[in-house]
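The values are calculated or read from the model by the stated rules, or taken from the named source; none is laboratory data. Since this is a predicted model, take the numbers as computed values, not measurements. Glycine gets a Cβ as well: all are built from the backbone with ideal geometry, and neighbour counts include every protein chain shown.
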Amino acid sequence: MQKFYLVPIEQVGGARGPKYFSWRFDPDPPGIDCRWSMMPYGFFSYALVLAHDITQTDHVALILHTDVYNFPDDLDTAVSDPNIDVFFEGINIPTDWLTPSTTYRELLRQLAGMFQFNQRYRGISEGHDLFETATLDTRLRNLSSQEKIWFDATVVSFGYDPNLINDNSFLRQLIKQAGNFWSGQPFTMGGVVF
(Lines give C-alpha, C1' and ligand atoms only; values in the text may rest on other atoms or scores of the structure.)
Protein backbone atom coordinates (compact mmCIF):
# COMPACT_ATOMS: atom_id res chain seq x y z
CA MET A 1 0.00 0.00 0.00
CA GLN A 2 1.22 3.51 -0.85
CA LYS A 3 0.01 6.45 1.29
CA PHE A 4 0.59 10.19 1.81
CA TYR A 5 0.85 11.62 5.32
CA LEU A 6 1.86 14.81 7.09
CA VAL A 7 4.16 13.78 9.93
CA PRO A 8 6.46 15.53 12.39
CA ILE A 9 10.17 15.61 11.65
CA GLU A 10 12.80 14.37 14.08
CA GLN A 11 16.24 15.94 14.05
CA VAL A 12 19.55 14.43 15.13
CA GLY A 13 22.39 16.89 14.62
CA GLY A 14 22.06 18.08 11.03
CA ALA A 15 20.05 14.99 9.95
CA ARG A 16 16.27 15.03 9.72
CA GLY A 17 13.81 12.20 9.21
CA PRO A 18 10.11 11.40 9.58
CA LYS A 19 8.93 10.59 13.09
CA TYR A 20 7.48 7.07 13.46
CA PHE A 21 9.49 5.77 10.46
CA SER A 22 12.85 4.01 10.42
CA TRP A 23 15.67 6.17 9.13
CA ARG A 24 19.44 6.22 9.37
CA PHE A 25 19.72 8.40 12.49
CA ASP A 26 16.37 7.43 14.03
CA PRO A 27 16.63 8.53 17.68
CA ASP A 28 13.90 6.20 18.90
CA PRO A 29 13.89 2.93 16.90
CA PRO A 30 12.18 0.82 15.89
CA GLY A 31 10.08 2.78 13.44
CA ILE A 32 7.90 1.77 10.53
CA ASP A 33 10.14 -0.15 8.18
CA CYS A 34 9.19 0.74 4.62
CA ARG A 35 10.56 2.88 1.82
CA TRP A 36 9.51 6.50 2.12
CA SER A 37 9.98 9.86 0.41
CA MET A 38 9.91 13.10 2.38
CA MET A 39 9.31 16.77 1.48
CA PRO A 40 9.96 19.03 4.51
CA TYR A 41 8.04 22.24 5.13
CA GLY A 42 11.23 24.28 5.10
CA PHE A 43 12.77 24.34 8.55
CA PHE A 44 9.40 23.82 10.20
CA SER A 45 9.10 20.50 12.01
CA TYR A 46 6.63 18.85 9.60
CA ALA A 47 6.94 17.05 6.28
CA LEU A 48 4.84 15.50 3.57
CA VAL A 49 5.73 11.81 3.50
CA LEU A 50 4.89 9.22 0.87
CA ALA A 51 5.14 5.77 2.43
CA HIS A 52 5.77 3.04 -0.13
CA ASP A 53 4.59 -0.47 0.69
CA ILE A 54 3.39 0.43 4.17
CA THR A 55 1.50 -2.45 5.73
CA GLN A 56 -2.09 -2.09 6.85
CA THR A 57 -0.99 -2.79 10.43
CA ASP A 58 1.63 -0.02 10.34
CA HIS A 59 -0.82 2.37 8.66
CA VAL A 60 -3.44 1.80 11.36
CA ALA A 61 -0.83 2.29 14.12
CA LEU A 62 0.50 5.45 12.44
CA ILE A 63 -2.83 7.23 12.08
CA LEU A 64 -3.58 6.71 15.78
CA HIS A 65 -1.02 9.44 16.48
CA THR A 66 -2.73 12.82 16.80
CA ASP A 67 0.25 14.58 15.17
CA VAL A 68 -0.16 12.64 11.89
CA TYR A 69 -2.48 13.61 9.05
CA ASN A 70 -3.59 10.81 6.74
CA PHE A 71 -4.52 11.59 3.13
CA PRO A 72 -7.19 9.34 1.59
CA ASP A 73 -6.34 6.69 -1.00
CA ASP A 74 -8.42 8.44 -3.67
CA LEU A 75 -6.72 11.81 -4.09
CA ASP A 76 -9.32 12.92 -6.63
CA THR A 77 -12.10 13.19 -4.06
CA ALA A 78 -13.07 16.56 -2.64
CA VAL A 79 -11.50 17.60 0.67
CA SER A 80 -14.18 16.80 3.20
CA ASP A 81 -12.33 16.35 6.49
CA PRO A 82 -13.92 18.65 9.09
CA ASN A 83 -10.69 18.59 11.14
CA ILE A 84 -8.34 19.67 8.36
CA ASP A 85 -8.40 23.37 9.27
CA VAL A 86 -7.39 22.77 12.88
CA PHE A 87 -4.60 20.33 11.97
CA PHE A 88 -3.10 22.27 9.05
CA GLU A 89 -3.42 25.75 10.57
CA GLY A 90 -1.83 24.36 13.75
CA ILE A 91 1.32 23.67 11.74
CA ASN A 92 1.22 26.98 9.82
CA ILE A 93 -0.34 25.68 6.62
CA PRO A 94 -3.19 27.95 5.46
CA THR A 95 -6.49 26.30 4.56
CA ASP A 96 -8.81 29.30 4.22
CA TRP A 97 -8.49 28.96 0.43
CA LEU A 98 -10.08 25.49 0.31
CA THR A 99 -13.44 25.24 -1.44
CA PRO A 100 -15.99 22.39 -1.47
CA SER A 101 -14.64 21.31 -4.87
CA THR A 102 -10.91 21.30 -3.98
CA THR A 103 -9.56 17.76 -4.32
CA TYR A 104 -6.88 16.17 -2.18
CA ARG A 105 -4.66 16.04 -5.28
CA GLU A 106 -5.00 19.82 -5.68
CA LEU A 107 -4.30 20.21 -1.97
CA LEU A 108 -1.14 18.09 -2.28
CA ARG A 109 0.07 20.15 -5.25
CA GLN A 110 -0.55 23.38 -3.34
CA LEU A 111 1.20 21.99 -0.25
CA ALA A 112 4.20 20.98 -2.32
CA GLY A 113 4.44 24.53 -3.71
CA MET A 114 4.23 26.01 -0.21
CA PHE A 115 6.83 23.54 1.02
CA GLN A 116 9.16 24.41 -1.87
CA PHE A 117 8.92 28.11 -0.99
CA ASN A 118 9.74 27.44 2.66
CA GLN A 119 12.62 25.14 1.69
CA ARG A 120 14.09 27.89 -0.50
CA TYR A 121 13.55 30.44 2.30
CA ARG A 122 15.36 28.10 4.68
CA GLY A 123 18.31 27.83 2.29
CA ILE A 124 18.53 31.57 1.66
CA SER A 125 18.22 32.38 5.37
CA GLU A 126 20.76 29.66 6.24
CA GLY A 127 18.38 27.76 8.48
CA HIS A 128 15.97 30.38 9.85
CA ASP A 129 12.38 29.20 10.24
CA LEU A 130 9.88 31.60 8.64
CA PHE A 131 7.52 30.89 11.54
CA GLU A 132 10.12 31.25 14.27
CA THR A 133 8.71 34.63 15.30
CA ALA A 134 5.62 34.83 13.07
CA THR A 135 2.28 33.12 12.48
CA LEU A 136 0.03 32.82 9.45
CA ASP A 137 -1.71 35.96 10.68
CA THR A 138 1.47 38.05 10.79
CA ARG A 139 1.60 40.78 8.16
CA LEU A 140 4.66 40.94 5.91
CA ARG A 141 5.45 44.43 7.19
CA ASN A 142 5.77 43.01 10.73
CA LEU A 143 8.66 40.68 9.89
CA SER A 144 12.06 41.85 11.06
CA SER A 145 14.14 43.71 8.48
CA GLN A 146 16.39 40.65 8.09
CA GLU A 147 13.41 38.30 7.66
CA LYS A 148 11.98 40.66 5.04
CA ILE A 149 15.32 40.62 3.17
CA TRP A 150 15.28 36.81 3.18
CA PHE A 151 11.62 36.73 2.13
CA ASP A 152 12.24 39.13 -0.76
CA ALA A 153 15.32 37.16 -1.85
CA THR A 154 13.22 33.98 -1.88
CA VAL A 155 10.57 35.67 -4.04
CA VAL A 156 13.29 36.90 -6.43
CA SER A 157 14.80 33.39 -6.62
CA PHE A 158 11.49 32.19 -8.09
CA GLY A 159 11.61 34.95 -10.72
CA TYR A 160 9.07 37.34 -9.19
CA ASP A 161 9.35 40.99 -8.22
CA PRO A 162 8.95 41.44 -4.44
CA ASN A 163 7.99 45.09 -4.99
CA LEU A 164 4.65 43.84 -6.32
CA ILE A 165 3.83 42.27 -2.95
CA ASN A 166 1.64 44.30 -0.62
CA ASP A 167 3.38 44.72 2.77
CA ASN A 168 -0.05 44.54 4.44
CA SER A 169 -0.54 40.96 3.21
CA PHE A 170 -0.73 38.24 5.81
CA LEU A 171 1.74 35.35 5.64
CA ARG A 172 -1.21 33.01 5.06
CA GLN A 173 -1.93 34.85 1.80
CA LEU A 174 1.71 34.93 0.75
CA ILE A 175 2.33 31.25 1.52
CA LYS A 176 -0.75 30.40 -0.56
CA GLN A 177 0.56 32.61 -3.39
CA ALA A 178 3.86 30.74 -3.15
CA GLY A 179 1.94 27.54 -3.78
CA ASN A 180 0.30 29.24 -6.76
CA PHE A 181 3.76 29.78 -8.32
CA TRP A 182 3.61 26.09 -9.20
CA SER A 183 0.11 26.24 -10.68
CA GLY A 184 -0.32 23.76 -13.50
CA GLN A 185 3.05 22.10 -12.88
CA PRO A 186 2.89 18.54 -11.58
CA PHE A 187 5.06 17.37 -8.73
CA THR A 188 6.64 13.94 -8.64
CA MET A 189 7.41 12.46 -5.25
CA GLY A 190 8.66 8.93 -4.91
CA GLY A 191 7.44 8.18 -8.43
CA VAL A 192 3.91 9.44 -7.74
CA VAL A 193 2.73 12.42 -9.81
CA PHE A 194 0.27 14.88 -8.35
Original post:
Is it true that GLY17 is surrounded by 18 or more Cβ atoms within 10 Å (Cβ to Cβ) and outside any strand (DSSP E or B)?
Top reply: no
Subject >> Candidates LEU62, LEU98, LEU50 - the one that is surrounded by 13 or more Cβ atoms within 10 Å (Cβ to Cβ), assigned by TED's automatic domain parsing to the domain that holds ASP129 and modelled with pLDDT of 95 or more >> reply: LEU98
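For segment 54-74, which residues satisfy the criterion of being assigned to a loop (DSSP other than H, G, I, E, B), within 15 Å of TYR20 (Cα to Cα) and not polar (S, T, N, Q)?
Start the filter on segment 54-74 by keeping residues that are assigned to a loop (DSSP other than H, G, I, E, B), which leaves 54-55, 64-68, 71-74.
Keeping just the survivors that are within 15 Å of TYR20 (Cα to Cα) gives 54-55, 64-68.
Residues satisfying the conditions are ILE54, LEU64, HIS65, ASP67, VAL68.
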Original post:
If you check PHE44 against the conditions, is it surrounded by fewer than 14 Cβ atoms within 10 Å (Cβ to Cβ) and part of a loop (DSSP other than H, G, I, E, B)?
Top reply: no
Original post:
Which one is surrounded by the most Cβ atoms within 10 Å (Cβ to Cβ), of the residues in segment 122-133 that are in contact (Cβ under 8 Å) with a residue 12 or more places away in the chain and over 18 Å from ILE9 (Cα atoms)?
Top reply: SER125
Subject >> Criterion violated by PHE88 - all others in (1) in a loop (DSSP other than H, G, I, E, B); (2) over 25 Å from VAL156 (Cα atoms); (3) of a type in the set (Phe, Trp, Tyr); (4) out of contact with any strand residue (DSSP E or B) (no Cβ under 6 Å at 6 or more places or on another chain) satisfied >> reply: (1)
Original post:
Could we say that HIS65 is within 20 Å of the chain's Cα centre (by Cα) and within 18 Å of GLY90 (Cα to Cα) here?
Top reply: yes
